[in-house]
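For reference, the structure discussed in these notes is given below.
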Amino acid sequence: MFSSLNLDPQILRAIEEEGYTEPTPVQAQAIPHVLAGRDLMAMAQTGTGKTAAFTLPLLQRLLPHASTSASPARHPVRALILAPTRELAIQVEESVETYSRHVPLRSTVVFGGIDIKTQKPALMKGVEILVATPGRLLDHVESKNLMLNQVQVLILDEADRMLDMGFMPDLKRILTLLPKQRQTLLFSATFSDDIKKLAHDFLVNPITVEAERRNTAAANVIQSVLMVDQDNKLGVLADLLRSRGLGSQALVFTRTKLAAARLARKLDREGIPSDAIHGDKTQLERIKALDAFKEGKITALVATDVAARGLDIDQLPLVVNYELPTNAEDYVHRIGRTGRAGASGEAISLVGGEEERRLVEIEKLLKRSFPRERAAVSHSSRASSSHRAAKPAAHGYVKKNVPVDDWFLKPYEPSPAAAKIAEQPSFNPDKPKKQIAALLCRSPAKN
């Protein structure tokens, strides 16, 4: 029970209002150590509640500093939570707001992709808890919109992803801005040797918590593989989504931004309401697409791995890997978008022949093998593929049985002006460039 974790009644009240009674394994293991002020390195499978595992004890630790004063000086940044992506940062801050609704602690989130000036007012008012992406945080520091000299707790969420995205230089710069005496927590679904080195550099005698076996997928997610030729993938995906009926949604992953945008447009043409989120879209566009998906206005949300971490969608029934990820570990994060908070989910991968090597890498990571089931290609799928193949003809790229004007079949006859130029003694047919110039200018060519 959460009541056994020495949390304030107002925090317990917020937890109860969210419908939670029992802590998850990572919460039960991590919260006591965080409350004790220890540095922590926590490895937990995505979807097991690791955000609450650091948010709840963080709020408890900051309660002595809670204030209803309007003065910004009474609300310095005391806790800094860093996340690798905008989506994850937004999700974390929403969790902080949810669990702090009954305590006078302020929080906000800053991230790139939108005008920095829109984020300044909240910082000027003062916040105890700041959630940020590393680059935008440094932008605000350079603009003198905030100070970090009173930070007591630093939290790195999805630290492995930060390294993958090249944030190490930014992290080192941020570290120089923080007090040396602080508590540091690392949370992630997977940890590499590079992360262990990062923990060695950032943490002091950390406690290690591992709620799930390293690099595992959630047990309550049914995983399957459909072998399908690339040309038939769209039809198979469309049939799959239609067979689920109205109201059933899917998060569909591609490897590239271009593929995500194209697939969303193609699904729309198939009569399946879709949108895409990827790195080329502005933050407002990505938020708009995600909100439409959460509200059930679109059936398929097509995304790159920018959405593999950080998206928290209640009761998402299905994740589809339209294309397998380049990195096997990203498969774990992709399918972790379903089957969250104890709910069941399903993950289906559409694998073309050339992608099977990626599937083998995923199997090695998960220490399991997937049966290769050949996807059934329906008549409608074939018709859809034929329709797509015939589109160039419909747009005029290939024309058949088009009547030809007899004028184009006549042999070439030089115009009288060209014939006259060719008769000039100075005209040299062995010099084609001068010949052409002479014809164009209608003047004798010079040798």
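General observations
- Each of Ile348, Ile207, Ile277 was scored by other Cβ atoms within 10 Å of its Cβ. Arranged with the fewest first, they read Ile207, Ile348, Ile277.
- Among Leu63, Leu178, Leu251, the order by Cβ neighbours within 10 angstrom, fewest to most, reads Leu63, Leu178, Leu251.
- Global geometry of the range 86-126, whether rounded, prolate or oblate, following the gyration tensor of its Cα atoms and the 1.5 cut on a/c: oblate
- Sorted by Cβ neighbour density within 10 Å, fewest at the top, the residues Ser107, Ser3: Ser3, Ser107
- Neighbour cut-off at most 15 other Cβ (10 Å), DSSP loop, trypsin sites (Lys or Arg not before Pro), the range 252-341: Lys297
- Multiplying the residue separation of Thr21 and Ser243 by 0.36 nm and subtracting their alpha-carbon distance yields 76.3 nm.
- Distance between modelled label sites at Ala70 and Met147, nm, 7 Å Cα→Cβ extension: 2.3
- Point-to-point label distance, Ala36-Val360, nm (Cα→Cβ direction, 7 Å offset): 4.6
- Added length on full extension, which subtracts the Cα-Cα distance from 0.36 nm per residue, Gln283 to Met165: 40.7 nm
- Anisotropy class of the range 54-203 from Cα gyration tensor, a/c 1.5 cut: prolate
Taken together, the values in this text are just the output of simple stated rules run on the coordinates, not laboratory data. These numbers come from a predicted model, not from an experiment. Ideal geometry is used to build each Cβ from the backbone, glycine not excepted, and the neighbour counts take in all protein chains shown.
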